[in-house]
Amino acid sequence: MPSNKILQEKQQIVANLAEDFKEAKAIVFTEYRGLTVAQDTELRTAMRKANVRYQVIKNSLSSRALADAGIEDVTELMKGPTAIAYSKDDVIDPAKIAKQYADKFEKFIIKGGVMEGKAITLDAVNKLAAIPAREVLYAQLVGGLISPIASLAMILNAMVEKANEAEITEVAALAVAKANTEDAASAEAP
């Protein structure tokens, strides 16, 4: 039977982990068995740079912390050697980095994950990993917003150029001239 001091230390570890898991936007469970030290170091460095916590914790402690955090249905994911990657800042980063290294290192395996407190499958983790980076999504959003405005500017610019070619000083007069031309063309048509 462990000493009272060891039990208190473990209880504190579980309490801290449970708090982290409650705040985590996403959690990914992986199997790391068979990675070399260099591979593990590379993986940990990438996780750290993205502000993703990546830890190997005893399954018994992790299971208790997950249960205390209200996360259920992860018992199968906690079998065997398990490392846990989670982020309090970003939903996509843990999945994206885990997927990148699962593709790179044959022995690094994604088991599944948790998002918004609910267990998700390996398939769902892979779908999360496929979402573009935040900067790319912002660029796509800005492009989508700018496109109609740019089109309007091009149309207005073309109207001004046509007005200049026709030596018309008012764009409204250009519209009237165009309408008159169209009316004349339709009257000539049989």
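Miscellaneous remarks
- Within segment 82-132, if we keep just the residues that are β-branched (Val, Ile, Thr) and assigned to a loop (DSSP other than H, G, I, E, B), the residue that is most open to solvent (accessible area, probe 1.4 Å) turns out to be Thr121.
- Conditions (1) under 28 Å from Glu106 (Cβ atoms); (2) surrounded by 12 or more Cβ atoms within 10 Å (Cβ to Cβ); (3) over 22 Å from the mean Cα position of the chain (by Cα); number of the one not met by Thr36: (2)
- Checked against (1) under 27 Å from the mean Cα position of the chain (by Cα); (2) open to solvent by 80 Å² or more (accessible area, probe 1.4 Å), Met47 passes all but a single condition, namely (2).
- Some residue of segment 23-30 being without any contact (Cβ under 8 Å) to a residue 60 or more places away in the chain and open to solvent by 20 Å² or more (accessible area, probe 1.4 Å): no
- Cβ-Cβ contacts under 8 Å between residues 6 or more apart (or on different chains), taken from a first residue in segment 7-22 that is more than 20 Å from Met115 (Cα to Cα) and open to solvent by less than 90 Å² (accessible area, probe 1.4 Å) to a second residue that is not in a helix (DSSP H, G or I) and not aromatic (Phe, Trp, Tyr), are listed as Lys10/Pro2; Ile13/Ile57.
- Selection count, segment 133-159, where residues are surrounded by 11 or more Cβ atoms within 10 Å (Cβ to Cβ) and of a type in the set (Ser, Thr, Tyr): 1
- Scanning segment 151-161 for residues that are at pLDDT below 80, outside any strand (DSSP E or B) and farther than 30 Å from Glu72 by Cβ turns up at least one hit.
- For the residues Gly80, Gly113, the requirement of being touching a Phe, Trp or Tyr at 6+ places or on another chain (Cβ under 8 Å) and touching a residue at least 12 places away in the same chain (Cβ under 8 Å) singles out Gly113.
- Looking across segment 50-71 at every residue that is touching a strand residue (DSSP E or B) at 6+ places or on another chain (Cβ under 7 Å) and within 21 Å of Ala124 (Cβ to Cβ), the one that is most open to solvent (accessible area, probe 1.4 Å) is identified as Arg53.
- Scanning segment 35-71 for residues that are polar (S, T, N, Q) and without any contact (Cβ under 8 Å) to a residue 12 or more places away in the chain turns up Thr36, Thr41, Thr45, Ser60.
- The set of residues from segment 18-34 being in contact with a Leu (Cβ under 7 Å, 6 or more places away or on another chain) and outside any strand (DSSP E or B) comprises just one member, Phe21.
The values are calculated or read from the model by the stated rules, or taken from the named source; none is laboratory data. A quick note: this is a predicted structure, and the numbers were derived from the prediction, not measured. So basically every Cβ, Gly included, is an ideal-geometry build from the backbone, and we count neighbours across all protein chains shown. For the accessible areas, the whole protein counts, side chains as well, though only heavy atoms, and no ligand, DNA or RNA atoms are used. Shrake-Rupley method; radii C 1.70, N 1.55, O 1.52, S 1.80 Å.
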